[in-house]
1. Hand me the trypsin sites (Lys or Arg not before Pro) from the stretch C:52-122 located in a DSSP loop with no more than 13 other Cβ atoms within 10 Å, in residue order please.
2. Measure nothing but the geometry: give the 0 to 90° angle between the long axis through the Cα atoms of B:2-25 and the longest principal axis through the Cα atoms of chain B, rounded to 10°.
3. To the nearest 10 degrees, how steep is helix B:28-50 against the longest Cα principal axis of chain B, on a 0 to 90 scale?
4. Write down the accessible area per residue of the stretch C:251-318 in Å², having rolled a 1.4 Å probe over the full set of protein chains.
5. Where Rh denotes the Kirkwood radius from the mean inverse Cα pair distance, what is Rg over Rh for chain C?
6. For chain C, which DSSP H helices look membrane-span-like by this rule: Cα extent along the axis of 27 Å or more and mean Kyte-Doolittle of at least 1.6?
7. For the stretch C:249-320, what is the charge dipole size about the Cα centre, in debye to the nearest 20, if Lys and Arg each add +1 at the Cβ and Asp and Glu each add -1 at the Cβ?
8. By the scheme Lys and Arg +1, Asp and Glu -1, what is the net charge of all other residues having a beta-carbon under 14 Å from that of B:T255?
Amino acid sequence: MSEALEHSDAPSRLGPWLAAARLGWAIESNWADPFVFMTYQIVRPLFGALILVVMFKIVTGQPTSSAVFGQMYVGNAFFILVVQCVSCIGLVIFDDRERYQMLRYIYLAPIGLGAYLAARGMARLAATTVSILFTLAVGAWLFGLRYHLSPADLPYFSLILILGGIATLAMGIMLGGSTMLMAQNGWSMPEGVSGVLYLFCGAVFSIDILPWPFSAVARLIPWTYWLEGIRRSLLGSGYVASLAGLTNAQILLRLGIGTAGTVAVAWLTLRFAEYRAVATGKLDEKTDH
Amino acid sequence: MKTDLNTNLRAIWGRAYVRVVGANRELSWLFFEVTLPLLAVFAFALIYRGLHAPEQYIGFVVVSGAMVAFWQNILWAMAAQFYWEKEMGNLELYLIAPVSRMAILLGMAVGGLFMTAIRAAAILIIGSWIFGVHYDVGSWLMLLVVFWVTMGALYGLGMLSSSLFMLYGREAWHTANLFQEPVYFISGFYFPVRSLGSGVAMAASLLPLTLGLDAIRQLLFSGGPVNPLLPVRTELVLLVIAMVLFNWAALKALTYMERLGKMTGRLTLKSQ
Amino acid sequence: MNWAIETQNLRRVFRGGTVRRLWRRKSAQNGNGETVALDAVDLQVKPGELFGLLGPNGAGKTTLLKILSTLLLPTSGTATVDGIDVAKDPERVRKRINMVSGGEHSGFGILTVRETIWMFAQFYGVPGRVVRERADRMMDILGLTEFAETKVSKLSTGTRQKMNIIRGFVSAPRILYLDEPTLGLDVAVAREVRSFVRAWVDEHPERSIILTTHYMAEADSLCDRVAIIDRGRVRACDTPANLKRDWAPECVYRIEIPLWTQGGHPLDDLDVVRSADVEHHGDRGRTNLRVILENGDGIGAVTERLSQRGVAALSVSRLEPTLEDAFLNLVGHGLAASEEKGR
Ligand SMILES: Nc1ncnc2c1ncn2[C@@H]1O[C@H](COP(=O)(O)OP(=O)(O)OP(=O)(O)O)[C@@H](O)[C@H]1O
Ligand SMILES: [Mg+2]
């Protein structure tokens, strides 16, 4: 039995993956450092939310407990996940390449870059959960938001969250892979992508105000349905008027399809980027100025 | 004496050159560094549209988008710069050269300012065009003066942070990250800073960005309801004071940090 | 006499702490967790001299160069460069010096080689035309011309190091510090660099260079005088020839015997043998011994022991002592470990 195990190549296949995952986790969980944790997980998201509060107040003059504000606030809170996962995993390559010159060792060691990125992403996901919970709590406590998550909604809500998490991770890994091919200026690319997603998925304003070609894109990406699902289960009503005709199950289905598509594109991109990076020798180039 | 001045001027130009040429050589920079702030502009403008805010606010957001470019440049390419160059090994070479350290910092500032000005102009033009922002400039001269004084104060602050960050490893990176949303909030990037209440707004005026932004908005939209913090002239005086103060402090801090570093041996110690 | 460099009773102590682990070898550390990197260092370098610093890892070589280049303050004692105190008047010192370190990653990946050299020369106020002339000549000598317009990020280690070297020379400093300048260079390139360095000093009577290295042969062939430093103290300072005469053991022999397969070597219990290096050449069926004897008479005892053991001495020859022998004698432990450091 143990003989058979030793001779099968399963452990040797899994080993590098685990090693990559462990390394990624170890690096990423430096958020255990209180200063770093406060900076990224608490202070920045909090002030991002505060900016919204002031904008809402000065324009509408309404109390923050109004329904519209709740929709804005919750969307913004959950979007932290996209911002952090996408820009974090996207920047891993620059982080490692420019500052630690470590990328080539990760790459040379037979551990998958994909596993490494995924593990860092998971660690980030965990940290971001804290930010989201914190922001939601601040919303309830300071701004009078009310969440109505009934136990019956819980399975649906969880499914929505899981699918959205997967899509976001895949997006991050895809960017991580493609920044490999870029010079230092590419370090703003992941942030740019999360900015684009912010516009298109209606994180704060309803996608209905987007002009035509953009509103069509908004209906293609999974995050739109992710946020709609979250809003429906957490606040009891959806935000986007033009999606009001869809049942909860339809929202879930579209999210599922979008997620599958994102994962597929991410996988292909990563393969291609790895191949190109080796072919063009971009792995450990330094381009600072 | 004359040769010293000459050397320092050459040093400024030498260090600025890297930025000017370097950025042009990687053309992707323009695309990303213009697109990124523009995305933020779009997002905030659309939020205001969604809330049916007066068009004026969208103008604010566009102007802020341009100013964000400068702030980002201060954070990433000034404050954190000496630290990064220490890691690369350039800092030692600057320090053994017979030039003032301020010349090197000025070189970075001039190069950064030049490149960022191009970027900011692009953001301003594209943003104004897309959202049809209407400007109503009271005094162009005043606008220029306020802009340059604000930049003088901002880059002074950048130079000051640079020497403070110099000795503090990777913390520098995180600290620079910390100074984003909180600064956008208290300096009133996306709304008139007065909305925070005069007390908070005055406290926020310690950052030259706050007053600069407020004054520039007053001058650009002289007709409409800007909700100004202080009269432009008062703000200008305060900005001039800030400019002198920050640059003086930068000089002092640099001398102090260098001495401290030379005593402890941390000046040339790399963290990797 | 006006020395190019003079240090008096120079001492530098580092407060201990987290950084210590960065260095492989822990040097003299006292009870308070302090590291004495330099201790009572008295050195004089003449104008026109190419002066070598030898010492094991952590000996304090780089620390000394940092003090002399105004990057670090002495804890006590004084150091002067061209008669100017490095602690009191660093600005004037800086006008006279420059520095190149092995394996340095200075510059900007985005600039070309020529631009990099030009940029650093600007910090010394060298006019563009002059930089161009000097850089062109030096690039020519070092065979860098074809890379003049290449981006620095695309250079190999050796090419990059050549650029660094030119970067240091182009400001025409009176006193130049070279910290392991040939680190990581291949044999041919290292040789080019050495002759370039030598020629530079020879061209002008008042140019001086201080060079640190771990390559004994380099110090021997290149330097006018060499100081051997260990744990922050100067153990000896003289010309390579004198160091060999005074410190290298005189009785070094090379003995060739048939391949020795029994482990150790056949002379291991002989008192007159101070040390022996063993080299096996299985393909030729030979073993070479390099033995250092206590005295010249010992060779008789050696041949006797060999014949006792039935080992034929195929050849015996007396060797010239090397600087490495002197170094080992003075420092008391090999560089073998430190040469592997591969930094
Ligand atoms: N900045 C510093 N902080 C603390 N200790 C230091 C610092 N710089 C050097 N040291 C210590 O001083 C001692 C001398 O170091 P130094 O770098 O001068 O050695 P070196 O002779 O150049 O060695 P190598 O051959 O490895 O380059 C070492 O023990 C080192 O740990
Ligand atoms: Mg050294």
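The values are calculated or read from the model by the stated rules, or taken from the named source; none is laboratory data. Since the structure is predicted, the reported quantities are computational estimates derived from the model, not experimental observations. Virtual Cβ from ideal backbone geometry, glycine too; neighbours counted across all protein chains shown. Heads up: the accessible areas ignore ligands, DNA and RNA and are worked out on the full protein's heavy atoms, side chains in. Shrake-Rupley method; radii C 1.70, N 1.55, O 1.52, S 1.80 Å.
1. Taking the stretch C:52-122 and a limit of 13 other Cβ atoms within 10 Å, the loop trypsin sites (Lys or Arg not before Pro) found are C:K88.
2. 60 degrees
3. Tilt relative to chain B: about 30 degrees.
4. 55 Å²
5. 1.04
6. Both cut-offs are met by no helix.
7. The dipole magnitude comes to about 260 debye.
8. +2
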